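Below is one structure, written out as structure tokens; comments come after it.
The values are calculated or read from the model by the stated rules, or taken from the named source; none is laboratory data. Source: prediction; values computed, not measured. We place every Cβ from the backbone using ideal geometry, glycine too, and count neighbours over all the protein chains shown. Surface areas here come from the heavy atoms of the whole protein model, side chains and all, with no ligands, DNA or RNA. Shrake-Rupley method; radii C 1.70, N 1.55, O 1.52, S 1.80 Å.
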Amino acid sequence: MKTIAIQPVAVLSKPRPPTSGRTDPPWQFATLLEAPHRLAFAAGALLLALSALWWLAALVAREIAAPFAWAVPMPIAHSLLMAFGFMPLFFVGFLFTAGPRWLGMPPVHARSLVVPVAVYAFAWLVYLPAVHINLYVAVGCVALAAYAWSMLGWRYARMVDASDAEDRVHARVVRIGVVMGMAALWTAAFACATESWLLLRVTVIGSLWGCLAMTYLGVAHRMIPFFTASALPFLDAWRPMWLLGVFVATTVTGFISGVIDLTVWPAPMLVRMLQLLPEAALGLGLLLLAVRWGIVQSLRVRLLAMLHVGFVWLGLVFVLQAVSHSMLLVTDESRSLGLAPLHALTMGFMGATLIAMATRVSAGHSGRHLVADNLVWTLFWVQQVATVLRVTAACWPGAPSWLTSVAASLWALATVSWAVRYGRWYGRPRTDGAPG
């Protein structure tokens, strides 16, 4: 068993202060081309905000008995956008900024990413109205997004292959997620074109676990212990390599269990037992890992706490799944927690981790303090309340429909406010005058 120890880096806990007493320069599109994270995060923030507002409008319209017209079924349209829309763009910004450093490769110039990033964002921007107007226009948007993601994915995969760095394990795990995302997007386009909605649901589950969770966990294994030891030097950066293998197995378990739920109903008792036992073990193990990684100590540092809280949600995902499948056993398949585990995964684990990581990268690469100020700290907890409300609505039999709308309202408030705040940074130069 190999354990990699990482020494804390003092510079991460003592960032350079921004220059004070200076008026911010005007926002300029050209500034987005100074670094990959600027370009991709700006596009991702735009889609994040628009997705939240679009879904809130759809829920409110349904609540007041004036529902939108749908060329693509409403749940399908929602799941496609939330699984494939904004998150991959944030991955692009992070992987083409941090990736070259991991791999000992030359920096990637943002200008070389303009076309695929613009095409990817354009595809989902057109998708938003298309799902209400024409199925085949929506299919074309998904296919266009698949093409753009393939361009970006192969670029990243070639970078991993070209590297001669000694440690490429995390980059290779992330590459699995990137390639899974390509396959999922092309499959989603086919399934949508043929109106194979079951295949599409399976594909979305495959994307959530095989692409998004795989990428999140590959990065988490490398970065959470590193960030924690940097900010809190009395903690060690514990990340044995076998744990990364457990993370990969976690994504496989989540995918298989999700597919069973979609395709096997009612399921034999043995199948339910084979679902809930590993889920219970993973849930407990991940929560214990959160404690080992310093969730309690991290509460002293807001930006670090945000990252740890996001990871706790992953443990809760499997706890909720185990409880849900236990309920199916004892109630003869008549009751479960429904979509609660799914929203704990997407809004809880992925949403919180996205906000935490993007905030950290945005602050560090703009020359600002590596801190979560009062605004972002408040927005983070609004996002957490939104997640709890949505999970509660799924767990609560007969929950009023307006509870989901309230959750969506809070989610929109948090994400739109975050996107506006940090979107302003991406088009302005660093406050310390450094390049990038």
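At 18 angstrom or more along the helix axis (alpha-carbon based) and mean Kyte-Doolittle of 0.0 or higher, what helices does the chain contain? Whole DSSP H runs only.
Working: long enough: 36-63 (40 Å, 1.19); 87-103 (22 Å, 1.20); 114-133 (28 Å, 1.87); 135-162 (40 Å, 0.97); 169-193 (37 Å, 1.46); 214-231 (25 Å, 0.78); 241-263 (34 Å, 1.62); 269-292 (34 Å, 1.55); 302-330 (41 Å, 1.76); 351-364 (20 Å, 1.01); 374-395 (31 Å, 1.10); 401-426 (37 Å, 0.49).
Qualifying helices: 36-63, 87-103, 114-133, 135-162, 169-193, 214-231, 241-263, 269-292, 302-330, 351-364, 374-395, 401-426.
How large is the direction-averaged shadow of the alpha-carbon convex hull of region 36-179, in nm²?
Answer in nm², one decimal: 8.5.
Keeping the other protein chains in place, figure out the carbon and sulfur percent of the accessible area of the chain, with a 1.4 Å probe.
Details: 12450 of 17960 Å².
Accessible surface attributable to carbon and sulfur in the chain totals 69 percent.
Bin all alpha-carbon pair distances of region 84-126 at 10 Å intervals from 0 and give each bin's fraction as a whole percent.
So the P(r) values, bin by bin, are 26, 49, 21, 3.
For every helix of n ≥ 4 consecutive DSSP H residues, a contribution of -39,500 (n - 2.57) applies; sum these over the chain, divide by its total residues, and give [θ] at 222 nm rounded to the nearest 500 deg cm²/dmol.
Details: 17 runs with 307 residues, N = 436.
Using -39500 (n - 2.57) per qualifying helix, the result is -24000 deg cm²/dmol.
If you bin every alpha carbon distance in the chain into 20 Å steps from zero, what whole percent lands in each bin?
Pair shares across the bins are 25, 61, 14, 0.
Could you pull the accessible area for ILE133 with a 1.4 Å probe, rounded to 10 Å²?
Taking all protein chains as shown, ILE133 has close to 130 Å².
Rounding to the nearest 20 debye, state how big the charge dipole of the chain is about its Cα centre with +1 on each Lys and Arg Cβ and -1 on each Asp and Glu Cβ. Could you put the intermediate results ahead of the total?
On the way: 28 positive and 15 negative charges, 219 e Å.
The calculated dipole for the chain is roughly 1060 debye.
First check a/c for region 54-93, with a ≥ b ≥ c the square roots of the eigenvalues of its C-alpha gyration tensor; if it is under 1.5, answer rounded, and if not, answer prolate when a/b is larger than b/c or oblate otherwise.
Details: a/c = 4.29, a/b = 2.30, b/c = 1.86.
Since a/c reaches 1.5 and a/b is larger than b/c, the shape of region 54-93 is classed as prolate.
Within region 36-54, which residues have the backbone N less than 14 Å from the label spot 7 Å out from MET151 along Cα→beta-carbon, could you tell me?
Counting backbone N atoms under 14 Å from the label point, the list is 40.
Checking a compactness column here: for region 92-249, what do you get for Rg(Cα) / (2.2 N^0.38 Å), N being the number of residues?
Cα Rg divided by the expected 2.2 N^0.38 Å: 1.18.
When ligands, DNA and RNA are left out and all protein chains stay put, how many square angstrom of accessible area per residue does the chain have with a 1.4 Å probe? Spell out each step's value before the answer.
On the way: 17960 Å² over 436 residues.
Here the residues of the chain average 41 Å² of exposed surface.
For the chain, build the charge dipole from Cβ charges (+1 Lys, Arg; -1 Asp, Glu) around the Cα centre, then report which of ALA121, PRO26, VAL406 sits farthest towards its positive end.
PRO26
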